[in-house]
Amino acid sequence: MSGGHGDFFCNGRFSVYAVVRSGGKQYRVEEGAILTVATLEGEPGKEVTFGDVLMVADGDTVKAAGTAKVTGEIVAHGKGEKIIVFRYKNKTRSRKRTGHRSKTTTVKITKIEA
């Protein structure tokens, strides 16, 4: 089955993957995957460690990650897509349009240690 939601990781082979938490969000990562998260400290090329690992899966075995660690390398810093905020009050012709672009960091996952 292809073309469905989440097929990025369903490639027919069993590989090691982990679920990590960064910036209040959870991400499913494999070794070699490129991930865009909220801003992290460090320059491109520097190593970063995700200590908040929620789960590690290796083929059919799934285990809660007590001492697991996911390591990655910072690839680049940038900005996310623009978010438009539009406030409107009826009957008063009151309209306010603002927006922002969140700062992001792109990370390449290098190692998953269970």
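Here, each number is a calculation from the coordinates, and none is a lab measurement. Quantities reported herein were computed from a predicted structural model and do not represent experimental measurements. Using ideal geometry, Cβ is built from the backbone for each residue, glycine included, and neighbour counts are taken over all protein chains shown.
For the reader, a short list of remarks on this structure follows.
- Region 87-101 - phi-based ³J(HN,Hα) in whole Hz, Karplus 6.51/-1.76/1.60, Gly and Pro as x: 9, 9, 10, 6, 6, 10, 6, 9, 9, 9, 10, 9, x, 7, 10
- Exposed-loop-free span, longest in the chain, where trypsin sites (Lys or Arg not before Pro) count as exposed if DSSP calls them loop and at most 14 other C-beta atoms lie within 10 Å: 47-90
- Lys pairs under 23 Å by Cα in region 49-114, provided they are eight or more residues apart or on distinct chains: 7
- Per-residue 3J(HN,Hα) values for region 68-77, derived from phi via the Karplus relation 6.51 cos²θ - 1.76 cosθ + 1.60 with θ = phi - 60°, read 5, 9, 10, 10, x, 10, 6, 8, 7, 10 Hz in sequence order (x marks Gly and Pro).
- Reported label for calculated P(r) over Cα pairs in 10 Å bins from 0, in percent given (i) 14, 38, 24, 15, 7, 1; (ii) 13, 34, 27, 14, 8, 4, 0; (iii) 15, 46, 27, 9, 2: (ii)
- Placing dummy labels 7 Å off each Cα toward the beta-carbon, the span from residue 26 to residue 64 is 1.3 nm.
- Here the chain is treated with +1 on each Lys and Arg Cβ and -1 on each Asp and Glu Cβ, and its dipole about the Cα centre works out to around 1500 debye.
- Cβ-defined net charge surrounding residue 80, 9 Å radius [Lys, Arg +1; Asp, Glu -1]: +3
- Within the chain, the longest run free of exposed loop sites, counting chymotrypsin sites (Phe, Trp or Tyr not before Pro) that sit outside DSSP helix and strand states (H, G, I, E, B) and have at most 15 other Cβ atoms within 10 Å, spans 15-114.
- Counting only aspartates and glutamates at least 8 places from residue 25 when in the same chain, those with an alpha carbon closer than 13 Å to its own are 52.
- Note on residue 16 and residue 77: with the Förster distance fixed at 22 Å, the Cβ-Cβ geometry gives a FRET efficiency of about 0.20.
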